[in-house]
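For reference, the structure is listed below as structure tokens.
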Amino acid sequence: MGLKILLSSIFYKNNVQPFNIKLIKMEESNYQDGAYIPFVGEEPLEARRSFIEKTYTFLAIEVLVFILVTAVFIRIEPLVQLTLTLFGGWWVLLFLMGYMAVLNFAENWAMSTTSKPSQYAAMGLYIIAEAFFFTPLLFIAKEYAGVSVINQAAMVTVAMFLGITAIAFTSKRDYSHLRNYLMLGGSVALGLIFAGVLFGFSLGIWFAFGMVALASVAILYQTSNILHKYHTGQHVAASLGLFGSVMLLFWYVLNIFMSGD
């Protein structure tokens, strides 16, 4: 079966346009048991620098572990068949909702605990959920488009991420106002995805481009929030926020590359 036919039957006919809907939470209170706990942006320069270094170190670790786990997953035939089945028909709705629920639970877990083992467990759960969700897409891309397409999409994603990160840090602006736009865009996207599955219409390539734009805004928002949303012990949660946005961007960049194959 050709790539376009297979993609049409799995991703577009059934409108599998996964969107990492991460509930963008209101900024956490910086009061705990009556004691004031400053956000990272209110800490001394050395503490801010250390937090940023830890956040991006963990982000790199998460990406590397994701690569390793997905490399294993796409070689397990029963797992691949299961995920392909879940991406067909009505199952995709349950799969998508379960995926979103696990990611939200893992990020909230990492955000709410001060225990390092618990934070790392939440990180592991988040990575496994992402790897499981990406398994059918990466399997199809590998088998029908070639590893080179995956590599090209990955390089474009990395380049976009670095560019957006540079904008966020060099402009030194607070982009927290983007939250409302992300909430609106995310709600519209999720509504279109569910409507597409329910009524059987294709969202098409322009939806993927729109989601790339939305993911880019999400990265800008999450990068700005590193200093304005988290406390110094929450670098794992901060890295997961970025990781989820990067994975969303990679998903749709890869879909765009595959649609032109």
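Annotations
- Some residue of region 135-142 being over 12 Å from Val253 (Cα atoms), charged (D, E, K, R) and free of Cβ contacts under 8 Å to residues at least 40 places away in the same chain: no
- Single condition Gln119 does not satisfy, out of (1) farther than 22 Å from Ala215 by Cα; (2) at pLDDT 95 or above: (2)
- Qualifying residue in region 71-85 (condition: under 19 Å from the mean Cα position of the chain (by Cα), under 15 Å from Val236 (Cα atoms) and assigned to a helix (DSSP H, G or I)): no
- Considering residues of region 30-48 that are assigned to a helix (DSSP H, G or I) and not charged (D, E, K, R) only, the residue modelled with the highest pLDDT: Ala47
- In region 147-194, residue surrounded by the fewest Cβ atoms within 10 Å (Cβ to Cβ) [restricted to those that are touching a residue at least 24 places away in the same chain (Cβ under 8 Å) and among the small types (Gly, Ala, Ser)]: Ser176
- Scanning region 66-124 for residues that are surrounded by fewer than 19 Cβ atoms within 10 Å (Cβ to Cβ), of a type in the set (A, V, I, L, M, F, W, C), within 30 Å of Leu198 (Cβ to Cβ) and touching a residue at least 24 places away in the same chain (Cβ under 8 Å) gives Leu79, Val80, Leu84, Trp90, Leu93, Val102.
- Of the residues examined, Val63 is one that is out of contact with any strand residue (DSSP E or B) (no Cβ under 6 Å at 6 or more places or on another chain), closer than 25 Å to His228 by Cβ and not in a loop (DSSP other than H, G, I, E, B).
- Options Ala159, Ala154; residue that is out of contact with any strand residue (DSSP E or B) (no Cβ under 7 Å at 6 or more places or on another chain), at pLDDT 95 or above and farther than 21 Å from Leu68 by Cβ: Ala159
- Tyr221, sole failed condition from (1) assigned to a helix (DSSP H, G or I); (2) of a type outside the set (Val, Ile, Thr); (3) surrounded by fewer than 15 Cβ atoms within 10 Å (Cβ to Cβ): (3)
- Check on Asn180, closer than 20 Å to Tyr126 by Cα, assigned to a helix (DSSP H, G or I) and of a type in the set (S, T, N, Q): no
The values are calculated or read from the model by the stated rules, or taken from the named source; none is laboratory data. Owing to the predicted nature of the structure, the values given are computational and were not obtained by experimental measurement. For neighbour counting, all protein chains shown are included, and Cβ atoms are generated from backbone atoms with ideal geometry for every residue, glycine included.
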